[in-house]
1. Kindly indicate whether Ile270 is modelled with pLDDT of 80 or more and either assigned to a helix (DSSP H, G or I) or open to solvent by less than 50 Å² (accessible area, probe 1.4 Å) (or both).
2. If I ask for residues that are crowded, with 19+ Cβ neighbours inside 10 Å and of a type in the set (A, V, I, L, M), which ones from the range 40-50 would you list?
3. What is the residue count in the range 108-125 for residues that are open to solvent by less than 10 Å² (accessible area, probe 1.4 Å), under 13 Å from Pro63 (Cβ atoms) and in contact with a Leu (Cβ under 8 Å, 6 or more places away or on another chain)?
4. On the given criteria, is Val163 out of contact with any helix residue (DSSP H, G or I) (no Cβ under 6 Å at 6 or more places or on another chain), touching a residue at least 24 places away in the same chain (Cβ under 8 Å), among the β-branched types (Val, Ile, Thr) and open to solvent by less than 50 Å² (accessible area, probe 1.4 Å)?
5. Determine if the range 184-192 includes at least one residue that is open to solvent by 30 Å² or more (accessible area, probe 1.4 Å) and among the charged types (D, E, K, R).
6. Across the range 258-267, which residue is surrounded by the most Cβ atoms within 10 Å (Cβ to Cβ) among those that are at pLDDT 65 or above and out of contact with any helix residue (DSSP H, G or I) (no Cβ under 6 Å at 6 or more places or on another chain)?
7. On the given criteria, is Val96 of a type outside the set (Phe, Trp, Tyr), open to solvent by 50 Å² or more (accessible area, probe 1.4 Å) and without any contact (Cβ under 8 Å) to a residue 12 or more places away in the chain?
8. Which residues, counting only those in the range 21-40, are in contact (Cβ under 8 Å) with a residue 60 or more places away in the chain, in a helix (DSSP H, G or I) and small (Gly, Ala, Ser)?
Amino acid sequence: MPPHRNGNLSMVYFQDFVLEGFEGGLGTQALLFAVFLALYMMTVLGNLTMIMVITLDAHLHSPMYFFLKNLSFLDLCYSSVITPNALVNFFSPSKVITFAGCATQLFFFSLLVTTEGFLLGVMAYDRFMAICSPLRYPITMCHSACTRLVLGTYCGGCLNSVVQTSFTFRLPFCNSNHINHFFCDVPPLLQLACGNTAINELLLFGICGIIIVGVTFVVLISYGYITVTILRMRSGAGRRKVFSTCGSHMAAVTLFVGTVFVMYAQPGAIESMEQGKVVSVFYTLVIPMLNPLIYSLRNKDVKEALWRLGQKYTAM
């Protein structure tokens with residue numbers, strides 16, 4: 001692309017970006033490659049297992065596990081948008097990603113992560129309806145209603161992704177083409193822009209803040225009512241089952257919302273890229289790997305379904 005000249009100021013617009021990734025020599029890169037590969041393999045194995053078990057076991061064909069299967073799908077997808085390219089770049093001499101490739105990666109990453117945030121709020125609402133309104137639950141959370149809720153989360157994620165991607169890539173990137181990160185994300189890209197990024201920063205903090213506050217509000221209200229209902233239960237076994245199910249979801253929400261807040265919804269997040277890389281590893285690799293473990297290890301129904309599936313295929 002030809003340089004644009006304005007008076008005595010020369011600005012070169014880049015067609016490609018370079019993902020700098022993590023600092024360190026060959027030994028450090030090899031160690032990080034091994035860590036990323038191990039986490040990604042566990043993420044793929046865990047989430048595919050959850051999807052398979054929920055799909056094949058008729059006992060898990062309920063709204064709660066329908067949402068959980070979609071959560072596993074999102075974890076698998078948004079980790080896969082980032083990790084394979086990062087693994088290649090650990091030993092790549094160039095670490096180049098095209099302008100279109102960078103925009104595509106940002107679009108799908110933003111879409112999937114935002115959708116997951118909304119889905120966690122929907123899952124809290126589902127638990128609220130199941131525990132606090134059990135008689136209305138089969139009607140309120142019928143299959144068509146669950147499908148519409150999931151589609152709504154994707155629509156919300158797509159809207160945020162379109163806004164963030166379009167506003168980010170309409171900026172002129174002429175300061176440098178070296179992205180101080182291991183994938184294309186809004187904060188490191190804004191550091192490269194030579195235009196005014198005030199609107200972009202406002203959109204990033206504002207939209208992410210609204211999403212985080214909204215999801216947190218729905219979760220807290222839902223679990224407030226759930227807690228009151230649990231305390232009224234006379235059955236100790238019923239209480240333990242509800243606490244186990246809700247505890248898994250609260251752990252997933254806390255991990256996800258906490259890391260996203262640190263990365264996107266606090267002042268100064270754009271400047272602290274070294275901290276941002278570490279936080280990004282946590283929510284692109286660690287959380288998608290932990291979610292299947294959280295829901296399977298603390299969920300009796302999932303463990304029983306895994307046992308039944310194992311018995312079925314070992315007997316064949």
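1. Criteria not met by Ile270.
2. Met50
3. Number satisfying all stated conditions: 1.
4. Taking the combined requirement at face value, the residue satisfies it.
5. No; the residues of the range 184-192 include none that is open to solvent by 30 Å² or more (accessible area, probe 1.4 Å) and among the charged types (D, E, K, R).
6. Val260
7. No; evaluated as a whole, the condition is false for this residue.
8. Listed by number, the list holds a single entry, Ala30.
The values are calculated or read from the model by the stated rules, or taken from the named source; none is laboratory data. Please read all numbers here as calculations on a predicted model, not as lab measurements. Cβ coordinates were reconstructed from backbone atoms using ideal geometry, including for glycine residues, and neighbour counts include every protein chain displayed. All accessible areas refer to the heavy atoms of the entire protein, side chains included, with ligands and DNA or RNA removed. Shrake-Rupley method; radii C 1.70, N 1.55, O 1.52, S 1.80 Å.
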